[in-house]
Structure formats: structure tokens, C-alpha cells
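The values are calculated or read from the model by the stated rules, or taken from the named source; none is laboratory data. Everything quoted here is computed from the prediction, not taken from an experiment. Every residue, glycine as well, gets a Cβ built from its backbone with ideal geometry; the counts of neighbours run over all protein chains shown. Please note that ligands, DNA and RNA were not included when accessible areas were found on the heavy atoms of the full protein model with its side chains. Shrake-Rupley method; radii C 1.70, N 1.55, O 1.52, S 1.80 Å.
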Amino acid sequence: MGGESQKWIVLVATTWIQAFTGTNLDFSSYSTDLKSILGVSQVQLNYIGVASDMGKAFGWCSGVALLHFPTWIVLFAAAFMGFLGYGLQWLLIEGIVSLPYSTVLLLSLLAGCSISWFNTVCYVLCIKYFPENRGLALSLSISYNGVSAALYNLIANSIDPSDSKLYLLLNAIVPLVTSVVSLPPIFHHSPSEVTPPDNPPHRDSAIFLILTSLATITGLHLLMNSKSSTASTARMALAGAIFMLVLPLVILGMIYLWEMPRKTINPSFQQLQGSGFTLMDNEDDEDDSHSSYNDTSDSDLIEDDFYRQLCRDDDSVGLGDDHTISLLIRQFDFWLYYLAYFCGGTIGLVYSNNLGQISESLGYSKYTNSLVALYSASSFFGRLLSTIPDFLQDKVYFARTLWLTLAIIPTSAAFLLLVLSAGTATLGLATSLIGLSSGFVFSAAVSITSELFGPNRAGVNHNILITNIPIGSLLYSLLAAVIYEANIETPDKVALSSESKVCIGEDCYHRTFMWWWLISLLGLLSSSWFSIRTKAAYDRFERQKRRSKVMLLRSIHS
């Protein structure tokens, strides 16, 4: 395959990278073993999780690195950071080496940095290869990050279902292997080598629809098999998952092989069959042609200028323009955005990091891996749902920031449920809601950053945004740990070792859930304000995008 097909190969490669590098999502699977081997308190264990999230504070370095080095170098730098960070922790937990607590913190920091670098590579590739459909490309690629815990659960159960320490070894090796497998398309192709599209833009939407459908089937497969406890059933489920991950590449190859003879024999026939892939009918094309005339009128240009001026700051940089770091941090809208992510998205990630201790304190420790897999699968579907604004934009349009606000509501509802009751069913439902909500926020945020603060610096700017993850991880985890340690002084406690104890009972996390609920409400409020303030900018952004699509359609048919 050649030409335009190259970008689809790169997109599939990013889905593979995302699927196997969300290693922070399985922390709860081995955190209890780590706590026992180190003989640390709950507060100290939370600091290890925080250190992993702290690696995201250095994610901006990957954005800078991509400005000066080839993508494949940054990709392997991320792989080797994870190999070292997780590999040495596995040697520690197996008793092969002895490491002080401070070294484990640094290793966890290095592992977290690895995850952030992997993510940045995928963000930049999607933005560069899909300038017209970057929202769809980003959402599809990022969605696969949500299945990492479910995949690792299947791999671990395929080898030894009783060995929870195996996760650390897998976290070290699997991303490195994935990087090697994904290297060819990334190494051999660059966006400049991709030929201009010779089909209508909505043909891409049809291919995205096929890939999104396959992703949905993959997620359902992993969700239904997340509780595979025996090695034989886990191996069958894993084989099915690997097949589903490779299938998009096979289908894309079949599409291009099917089209190639017709392009060679009669190039003009391509224009006639374009409608077979379009998501819009002829009426929509006519409407767009008519609207394009209006869009280029003097009144609309004046209106565009009005909205641009409305959204500008004193430095005459408007939302949608590329923001340098200094300009970004002076934008009030950015800080509203930062707070919404901090209180509405990051808190969900902290919840997942504490799932091991939450389930243990409630007496559901045997369900920990299932809950982690459930959160992972729900996060996957949440990320996948973030494609909705792009698929519906021609029929029902809402600013992506409004979708962000709606996505935070399930997190608030989930924590309220946990405050009222913490039974098995409630814990499972709340985990699903939080995973769904957080996944949508994580995915939609990348598109929002590139759309409102400029696509060319999205690799740097988005990593500045997610510095709230280590901050939130520290504050929220510390809050949970302090309440946990306060309740461990009651008679209901079980010793794990001479230096480590476990809190048992609903009181261990009840007040934590209440605080987290209030914080999520603050995130909902901030997101609502952010949505209102950026609506004008998004309306202008949407008009410009429609105009560019119409101009491209005209150039194709002329």
C-alpha cells in the first residue's frame, strides 16, 4: 500500500502503542504486594502511585524532544524508561535485589515519565497525519489506552493467574516489544510523504466509522472476558484480543486492494463511487456548497473577526491560534480548563490507583483485578465515546467543551453513590461510571487543547495541562491516605506485616468519597464556565472547518 494509505497504517500503529502502554492502570493489581515487600504505610504506598503520576510533569520534555528528534527515537526513549523503571521494581518484588524506598519512588517516576512520552508520540502522530480529522484520530487512538489493564490482566492470567507480581515484569517488557512492532510505519514514513487525499473528506469518516466499530467490538470482547480466571480461557480471550487489534490493518489492506484496480483502469470512476463511503447525502453537499458561499461573504468575515477579537487576550493571540508556553499560562480560559481537568478527570485516575485498597478495605479483595479490568474497559468506552462530537457534527453540533462538561457528570454521580452505599453492586457501578467519565475527559481534552491552543504546539501544551495529574494525585491520594490511617487506629484492623496494617470497614473511605464528590462538583462548575466562555471560539472554529472541507470537495471535483 502507498500514498494516502500510509496515514492509516500509522494510526493503527498508534492504537497498538496506546493499547499496551497504559501501564499505570494496573497499579492496583500489584500495589498490595509492593506495600508488603517494602513494609510501608498506606501514605507511603500512595506516594509511589503519586510518583508515577509525577512523571507526567515531565511530559512536556517529550513534546520538546519531538521538535528536535525523529519520532522513533522518542518512542524508544519512552520504552527504555519503562523497561528500567518497571524492571527494577519487579526484581525488588521478587526478592532478587534490595532497593530503598527512595529508589522505588524514583523508579516509579521514571515509569510514569515513560507513559507520558508514549502518549505524546501518539498525539503528535495523529495531529500531523490527520489535520482535517484530528479529533477522530485522537479519540480512536487514545481510546485503546483504556484497555491496557484488561489486556495485561489477560496476559498475566494466561501465564500464571495466581502471580500478581507478574504485572511489573509485563509492564517492563510488553511496551518495548510493542515499540519494535510499531516501528516500521513510524520509521519509514513521514506526513510529508503522504499524498494529498484524492477522495472526498467524508470518505475518511467512513473508514473511521469502520475502525471505531472494530474498536467497540474489541472493548466488548475484553469486557466480557475480563474475569477469565483460568489460564486456558485467558489464552483464548487473549488470542481473540490480539486478532481484533490486528484486524483493522487487514481490513484497511483489503479496502485499498479492492480500490486499486478501479483507480488504475479508470481514475474518473473514483469520483463516481465516492458517495459510497460518504456519511452525507447529496442534499448535505448542496447545503454545504451553499453555506460555503455565505461563509465567504463579507458579513461572515466580519463576524469571524468579531469572535476572534472577543476571544483574544492582551497579547492579540486568540483561541485557536498556536500558544507559546508564556502565552498559554496567561490565558484565563486555560486555567478554567486546567481546574476542570484537575477536579473532573484526574480524580478518576486517583480513584483507579486506590482501587486495590478500596476493595480490600470493603472485603472484596478477591475482586480487585476484576474491578481494575472493569475500570479499564469503561475508560476505553469513555474514550471511544469522545468520537461522538465528530461523527455528529454534520447533524447535531455542540462545542466539544460542552461535551466535556457532560462527561464529568457521571463522576459526580458515582461518588455520590459511594457516599450513600458501598456494597459490591454499587462499587462495580461506580467504577464503571468513573472509568467511562474519566476516559471521555482524557480523550476529549487532547482535541480541545489542539483546537483552542493550537495544533502545532499541542505536544507541549497538553503536557502542561496534565501537570495537574501529579498534583491531583498527590493531594487526593494524601487525603485518602490520611483518612485511611486515621481509621486504622480503630480495633478493626488486620496486620499484613510487622510494619504494615490494613483498614477494614466502610469508614476507611467513606469521608474520602464525600470529599471526592465535592471536588468533582467543583470540576463540573469549572467546566461549565469554560464551556460558556469558549462557545464563540468553537462556533468560529466549526465554520472554518466546514469551509475548508467544502473548498477541498470543490478542488477534488474540479
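Scan the range 354-365 for residues that are touching a Leu at 6+ places or on another chain (Cβ under 9 Å) and open to solvent by 10 Å² or more (accessible area, probe 1.4 Å) and report the count. Before the answer, list the steps.
The initial filter retains those residues of the range 354-365 that are touching a Leu at 6+ places or on another chain (Cβ under 9 Å), namely 355-359, 362, 364.
Now drop any that are not open to solvent by 10 Å² or more (accessible area, probe 1.4 Å), which leaves 362, 364.
Adding up the residues that qualify gives 2.
Among the residues of the range 477-487, those identified as within 18 Å of Ala51 (Cβ to Cβ) and open to solvent by less than 10 Å² (accessible area, probe 1.4 Å) are Ser477, Ala480, Ala481.
I'm trying to understand the selection: among the residues of the range 424-452, which are under 21 Å from Thr387 (Cβ atoms) and of a type outside the set (A, V, I, L, M)? Ser432, Gly435, Ser437, Ser438, Gly439, Phe440, Phe442, Ser443, Ser447, Thr449, Ser450, Glu451, listed by residue number.
How many residues are in a helix (DSSP H, G or I) and surrounded by fewer than 19 Cβ atoms within 10 Å (Cβ to Cβ) if we restrict to the range 93-112?
Step one: list which residues in the range 93-112 are in a helix (DSSP H, G or I), which gives 93, 101-112.
This time we only want the ones that are surrounded by fewer than 19 Cβ atoms within 10 Å (Cβ to Cβ), so: 101-103, 105-106.
Matching residues across the range 93-112 total 5.
The numbered conditions (1) more than 19 Å from the chain's Cα centre (by Cα); (2) open to solvent by 20 Å² or more (accessible area, probe 1.4 Å); (3) under 13 Å from Pro175 (Cα atoms) are all true for Glu132 except (3). Residues that are under 21 Å from the mean Cα position of the chain (by Cα), closer than 18 Å to Ser526 by Cα and modelled with pLDDT of 85 or more do not occur anywhere in the range 357-380.
Among the residues of the range 366-401, the ones that are farther than 24 Å from Glu132 by Cα, among the polar types (S, T, N, Q) and open to solvent by less than 20 Å² (accessible area, probe 1.4 Å) come to 4 in all. Residues in the range 127-169 that are without any contact (Cβ under 8 Å) to a residue 60 or more places away in the chain and either part of a helix (DSSP H, G or I) or β-branched (Val, Ile, Thr) (or both): Leu166 only.
Please list, ordered by residue number, the helices (runs of 4 or more DSSP H) wholly in the range 325-382 having 2 or more residues that are closer than 21 Å to Gly439 by Cβ and among the aliphatic types (A, V, I, L, M). Quick ask: steps written out before the conclusion?
Values: elements: 325-328, 332-344, 346-353, 355-361.
So the answer is 332-344, 346-353, 355-361.
Out of the residues in the range 99-139 that are among the hydroxyl-bearing types (Ser, Thr, Tyr) and modelled with pLDDT under 90, state the one that is nearest to Val43 (Cα to Cα). Checking each candidate, the answer is Ser116.
Restricting the range 421-460 to residues that are at pLDDT 90 or above and either more than 21 Å from Asn369 (Cα to Cα) or among the polar types (S, T, N, Q) (or both), the residue that is surrounded by the fewest Cβ atoms within 10 Å (Cβ to Cβ) is Ser432. For the range 402-411, the count of residues that are surrounded by fewer than 24 Cβ atoms within 10 Å (Cβ to Cβ) and more than 19 Å from Ser528 (Cα to Cα) is zero. Elements of the type helices (runs of 4 or more DSSP H) sitting completely within the range 1-87 and holding at least 3 residues that are surrounded by 17 or more Cβ atoms within 10 Å (Cβ to Cβ) and modelled with pLDDT of 90 or more: these cover 5-20.
Among the residues of the range 30-59, just one is farther than 18 Å from Gln357 by Cα and among the basic types (Lys, Arg), namely Lys56. If you go through the range 488-503 and keep only what is of a type in the set (Gly, Ala, Ser) and either open to solvent by 90 Å² or more (accessible area, probe 1.4 Å) or at pLDDT below 55 (or both), you end up with Ala495, Ser497, Ser498. Does Ser520 satisfy the criteria of being among the hydroxyl-bearing types (Ser, Thr, Tyr), modelled with pLDDT of 90 or more, crowded, with 22+ Cβ neighbours inside 10 Å and closer than 24 Å to Asp53 by Cα? When the stated conditions are applied, Ser520 passes them.
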